[in-house]
Amino acid sequence: MMASSPFFQARHYKLPLGTRTYVVGILNVTPDSFSDGGRFDSLPAAMLQAEQLIASGADILDIGGESTRPGSVTVAAPDEIKRVIPVIKQLAQTCQVPLSVDTFKAEVAEAALAAGAAIINDVTGLLGDPDMAQVVARYGAGLILMHNPVLYRQGHPAAAAFTNMPYLDAQTTARFSGLNLLAATRLFFDTGVDRAVTAGIDRTRIILDPGIGFGLTTDESLDLIHSLSQIQLDASKRLPVLIGPSRKRFIGDILGKPVQERLNGTIAASVAAIACGADFVRVHDVAPVAEAVRVSDAILRRSGQ
């Protein structure tokens, strides 16, 4: 009897893994996101952008109501809910792709899932809000666990610019002391996955995101992309990986380009990440990246070769 193919599940959505790369389109309904803040923070603008992202090839929409750019300020849960819930409710009635919500607050996740979202994208990797895992488990939702070194790198120059991220307690932070980046990333993911599984979240519902650009230097971001296939050494327990290189600072450092001129670099980073093992790419510019992904998949995922 042949073994079943791996898949990622989020509520009633079931996405086969290994045969193609999925494109996650970013929809920020915030006034202050680092590259598109204020462009889609009204319901009509958000709906139009969502339709365009899907038409351009987005397999998942990731909706964010709080910026996590360096220097951003914390948004209270009720305010974040006011931003994202009208968009989720309307999209849940009209679109056929899974809706992900980028939040690290269980209260926001609860409201989003009740409104029709299928995935929670937690940039604290379940190491933030202690109630998040139970909320995700209760709805049978998918979960993106992001490695976030900002949480344990107190005082690190690359992390100091992030002002709205919660720090881990001293005892947890001490576990990361002295570890190299890859080992720290694995420990972070192991901790988050253990919390997820303990709460009743099946492993088929979990995606790992190495957190490119969050409290990392350019060299560290490049090292993590290069090491995607090593995030989990036990192949029998390998979880799918998402990479979010879109318009990030490391691209600007390499090319000497401002945020709005980093499309070519984003495409290159996405293609390289696929070659290194990424299953999902999360981007702003869906149309050109989706085309690059299709060509990459045609070359890199050829069966029987």
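The values are calculated or read from the model by the stated rules, or taken from the named source; none is laboratory data. Just so we're clear, the structure is a prediction, and the values are computed from it rather than from any experiment. Ideal geometry is used to build each Cβ from the backbone, glycine not excepted, and the neighbour counts take in all protein chains shown.
In this structure, Gly140 does not qualify as surrounded by fewer than 24 Cβ atoms within 10 Å (Cβ to Cβ), of a type outside the set (Val, Ile, Thr) and free of Cβ contacts under 8 Å to residues at least 60 places away in the same chain.
Checking the conditions here, which among Thr173, Thr204 is over 18 Å from the mean Cα position of the chain (by Cα) and of a type in the set (Ser, Thr, Tyr)? Spell out the reasoning first.
Details: Thr204 fails: over 18 Å from the mean Cα position of the chain (by Cα).
Just a single option satisfies the conditions, and that option is Thr173.
Among the residues of the range 143-158, how many are at pLDDT below 90 and buried (at least 24 other Cβ atoms within 10 Å of the Cβ)? The total comes to 0. Candidates Glu220, Glu291: the one that is touching a residue at least 40 places away in the same chain (Cβ under 8 Å), within 24 Å of Ala50 (Cα to Cα), of a type outside the set (Gly, Ala, Ser) and surrounded by fewer than 20 Cβ atoms within 10 Å (Cβ to Cβ) is Glu291.
Selection of the range 52-101 for residues being charged (D, E, K, R), under 15 Å from Ile26 (Cβ atoms) and modelled with pLDDT under 95 yields Glu66, Arg69, Arg83. The residues on offer are Val193, Val150, and the sole one that is under 30 Å from Cys95 (Cβ atoms), in contact (Cβ under 8 Å) with a residue 12 or more places away in the chain and within 19 Å of the chain's Cα centre (by Cα) is Val193. Scanning the range 170-180 for residues that are out of contact with any helix residue (DSSP H, G or I) (no Cβ under 9 Å at 6 or more places or on another chain) and part of a helix (DSSP H, G or I) yields a count of 3.
Note on the range 181-282: enclosed helices (runs of 4 or more DSSP H) holding 3 or more residues that are at pLDDT 95 or above and acidic (Asp, Glu) are 218-226.
So, in the range 51-98, exactly how many residues are surrounded by 15 or more Cβ atoms within 10 Å (Cβ to Cβ) and of a type in the set (S, T, N, Q)?
If we filter the range 51-98 for residues that are surrounded by 15 or more Cβ atoms within 10 Å (Cβ to Cβ), which is where we start, we get 53-54, 56-70, 72, 75, 77, 80-81, 83-91, 95, 97-98.
Going one step further and asking which of them are of a type in the set (S, T, N, Q), we end up with 56, 67-68, 72, 90.
Of the residues in that region, 5 qualify.
Among residues of the range 92-104 that are farther than 18 Å from Asp129 by Cα and in contact (Cβ under 8 Å) with a residue 12 or more places away in the chain, none has a beta-carbon under 8 Å from a residue that is buried (at least 24 other Cβ atoms within 10 Å of the Cβ) and basic (Lys, Arg) at least six positions away or on a different chain. Taking the criterion of being in a loop (DSSP other than H, G, I, E, B) and not charged (D, E, K, R), the residues of the range 146-159 that qualify are His147, Asn148, Tyr152, Gln154, Gly155, His156, Pro157, Ala158, Ala159.
Against the numbered list (1) hydrophobic (A, V, I, L, M, F, W, C); (2) out of contact with any strand residue (DSSP E or B) (no Cβ under 7 Å at 6 or more places or on another chain); (3) crowded, with 16+ Cβ neighbours inside 10 Å, Leu228 comes up short only at (2). Checked across the range 277-287, the condition of being surrounded by fewer than 20 Cβ atoms within 10 Å (Cβ to Cβ) and free of Cβ contacts under 8 Å to residues at least 24 places away in the same chain holds for no residue.
Candidates in the range 90-110 are the residues that are within 21 Å of Pro44 (Cα to Cα) and among the small types (Gly, Ala, Ser); of these, the one that is nearest to the chain's Cα centre (by Cα) is Ser100.
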